[in-house]
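Okay, so here's the structure we're looking at.
The values are calculated or read from the model by the stated rules, or taken from the named source; none is laboratory data. All of these numbers come straight from a predicted model, not from anything done at the bench. Ideal geometry is used to build each Cβ from the backbone, glycine not excepted, and the neighbour counts take in all protein chains shown. Calculation scope for accessible area: heavy atoms of the full protein, side chains included, ligands and nucleic acids excluded. Shrake-Rupley method; radii C 1.70, N 1.55, O 1.52, S 1.80 Å.
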Amino acid sequence: MEKEKKAAEAVQADLAQEWMKLKLKTPVEYQGIKVDHLDLSGMEDLTGRDLNSVYDLYANMGGSGIIMQEATLLFAQLIASKVTGFPLELFYVLRAGDSVKLKNRVYRFFFLEG
């Protein structure tokens, strides 16, 4: 019985994390890297040091202001690059709709899941 309960909890945890997996409507290719989905679950492992690094990079790239930068596309692209290991430039070639979905997932992680 305990084994079944743990298995059910594991399935629930997997389902709860499914929103962090983004299937791209239009797959992209950048310098030989082909991507049809993004796994953003690495956001769970980010540290304060990681965020400081992303905030600094955001500011150096001309990110606007310090209020709600987590709601911007550039911030989402920087976070996605950090957690997926894909180069930032790959996120620049995502279609607009996929870019907005990415931005919304990152926003959700920082503001709606906590």
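For the stretch 19-40, which residues satisfy the criterion of being open to solvent by 40 Å² or more (accessible area, probe 1.4 Å), over 12 Å from Phe86 (Cβ atoms) and in contact (Cβ under 8 Å) with a residue 40 or more places away in the chain?
Passing the criteria: Lys25, Thr26.
Just checking, how many residues over the stretch 93-108 are touching a residue at least 40 places away in the same chain (Cβ under 8 Å), open to solvent by 10 Å² or more (accessible area, probe 1.4 Å) and in a helix (DSSP H, G or I)? If you could, list the steps in order and put the result at the bottom.
Going residue by residue through the stretch 93-108, those that are touching a residue at least 40 places away in the same chain (Cβ under 8 Å) are 93-95, 97-98, 101-102, 105-106, 108.
If we keep only those that are open to solvent by 10 Å² or more (accessible area, probe 1.4 Å) as well, we get 93-95, 97, 101, 105, 108.
Still in the list and also in a helix (DSSP H, G or I): 97, 101, 105, 108.
Selection size over the stretch 93-108: 4.
For the stretch 56-73, name all the residues that are part of a helix (DSSP H, G or I) and either open to solvent by less than 60 Å² (accessible area, probe 1.4 Å) or in contact (Cβ under 8 Å) with a residue 40 or more places away in the chain (or both).
Correct list: Tyr58, Gln69, Glu70, Ala71.
Are any of the residues in the stretch 37-58 at pLDDT below 95 and among the β-branched types (Val, Ile, Thr)?
Within the stretch 37-58, not a single residue is at pLDDT below 95 and among the β-branched types (Val, Ile, Thr).
Give the residue that is farthest from the chain's Cα centre (by Cα), with candidates limited to residues of the stretch 74-92 that are surrounded by fewer than 14 Cβ atoms within 10 Å (Cβ to Cβ) and either on the phi > 0 side of the Ramachandran plot or in a loop (DSSP other than H, G, I, E, B) (or both).
Residue satisfying both the conditions and the ranking: Pro87.
Looking at this structure, is Met61 touching an Asp or Glu at 6+ places or on another chain (Cβ under 8 Å) and modelled with pLDDT under 95?
The answer is no for Met61.
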